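The values are calculated or read from the model by the stated rules, or taken from the named source; none is laboratory data. Everything numeric here is computed off the predicted structure, so don't read it as measured data. Please note: Cβ atoms are built from the backbone with ideal geometry, for glycine as well, and neighbour counts cover all protein chains shown. For accessibility, only protein heavy atoms count, side chains too; no ligands or nucleic acids. Shrake-Rupley method; radii C 1.70, N 1.55, O 1.52, S 1.80 Å.
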Amino acid sequence: MKNPTRVHHRAMAIVAVALMTGGTILAPAATATVSNSAGLPAEISAAEQQAILSETNSVRQQAGQSALTWDSALAAEAQSWADDPASTSGGQLHHAAISNAAENMSGYPPNQATGQWASEKSVYDADPNHDPFANQAGYYRWGHYYNMINGSYHRMGCGAKSGVPISGAGWVTVCRYGS
C-alpha cells in the first residue's frame, strides 16, 4: 500500500492546482491562465471591447464626430497601466505620464465606465469654454466626455482590472484615445 502521507500531499497539490485554475482540474500537459484578481479576467473581453467602442462611437456620432477604431497597441498600454499598482496607489486613480494619447480612468467596470464618462455631456454643454488648456477647472469636470468626442482622435483601446482597493466598484478601467 502507498504511503498515506504521500497520497494526502499529492491530493492537496491537485486541489491547490484546481483552485488556482478556477476550479478546473487539469489533465497532464494542460495549461491554464490565472487571472490577476478574484477569479475575474484582467483584460477586457472581445464583447466588452465591442460594447465600449459602440457606446463611444454612439456618443461621438451624437457630437458630429467620426467613429473610432479599436487599437490593440493602445489597449495593451491601457491594460498595462490598469495592472500597475501605481495607477491606484493610496486608494486613488492616478493617470499615467503619457504624451501621445488622452486617457480616461474610472473606478467602475468597463460596462459602466463609458456611461459614466458620457454623463459629463451636460456639464460640457453648459460650459462655453471647451479649451482644456485655458479652462482646466472645466476640463476637470467634463474632460472624460471631451476625450471621447475629440475630433483629433481616431483610435481607442482600453484595459481593466478588478479587485483594486479604490472607491467606486473596486475596478480600474483605463481607456486611451490616439490620433
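Quick notes on this structure:
- 10 Å binning of all Cα-Cα separations within region 47-169, expressed as whole percents from 0 upward: 13, 45, 36, 6
- The 1.4 Å probe gives accessible areas that order K161, K121, largest first, as K121, K161.
- Computing FRET efficiency as 1/(1 + (r/R0)^6) for V123 and S45, where r is the C-beta to C-beta distance and R0 is 22 Å, gives about 0.10.
- Net length gained if the chain between A67 and A137 were fully extended (0.36 nm per residue, minus Cα distance): 22.4 nm
- Positive-end residue, region 57-159 charge dipole about Cα centroid, Cβ charges, pick of Y146, S66, T114: S66
- Figure note: Y145, Y139 ranked by solvent-accessible area, largest first, 1.4 Å probe, ligands and nucleic acids not counted: Y139, Y145.
- Size of charge dipole - region 112-179 - debye, nearest 20, with Cβ of Lys, Arg +1 and Asp, Glu -1, no other charges: 300
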